[in-house]
Amino acid sequence: MIGPPSAVDPVAVILADMEMNGRSRADLAAILGQNRATEIIGRRRALTLQMIRRIHREWQIPADMLIAEYDTAAA
């Protein structure tokens, strides 16, 4: 029997998508705003549901890959 998939780090997913698709921080900032994009990539802020929905809609990253809890610098 196969267990549940291991938790995926949402920030790592975003960074991998950016690398694979030639996207920049500016592209993420266009979705989230400059300050929010910097805070997310720097792990100073967690993704909100609204951010997850925007990234999912704009970049077609599966939302279930963005909802996992992850450590932030503020934690």
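Here 27, 71, 17, 9 are screened, and the one residue that is exposed (fewer than 11 other Cβ atoms within 10 Å of the Cβ) and either at pLDDT 95 or above or not hydroxyl-bearing (Ser, Thr, Tyr) (or both) is 71.
Matching residues to (1) within 12 Å of the chain's Cα centre (by Cα); (2) touching a residue at least 12 places away in the same chain (Cβ under 8 Å):
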{"residue": "19", "(1), (2)": "no, no"}
{"residue": "23", "(1), (2)": "no, yes"}
{"residue": "34", "(1), (2)": "no, no"}
{"residue": "40", "(1), (2)": "yes, yes"}
{"residue": "46", "(1), (2)": "yes, yes"}
{"residue": "52", "(1), (2)": "yes, yes"}
{"residue": "62", "(1), (2)": "yes, no"}
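Being closer than 12 Å to residue 14 by Cβ, in a loop (DSSP other than H, G, I, E, B) and not hydrophobic (A, V, I, L, M, F, W, C) is true of residue 43. Residue 30 meets each of the listed conditions (1) under 20 Å from residue 8 (Cα atoms); (2) aliphatic (A, V, I, L, M); (3) part of a helix (DSSP H, G or I) apart from (1).
Of all residues in the range 34-67, those that are crowded, with 16+ Cβ neighbours inside 10 Å, aliphatic (A, V, I, L, M) and over 15 Å from residue 17 (Cβ atoms) total 1. Note on the range 47-67: residues that are out of contact with any Asp or Glu (no Cβ under 8 Å at 6 or more places or on another chain) and either β-branched (Val, Ile, Thr) or assigned to a loop (DSSP other than H, G, I, E, B) (or both) total 8.
The values are calculated or read from the model by the stated rules, or taken from the named source; none is laboratory data. Just so we're clear, the structure is a prediction, and the values are computed from it rather than from any experiment. Neighbour counts run over all protein chains shown; Cβ positions are idealised from the backbone, glycine included.
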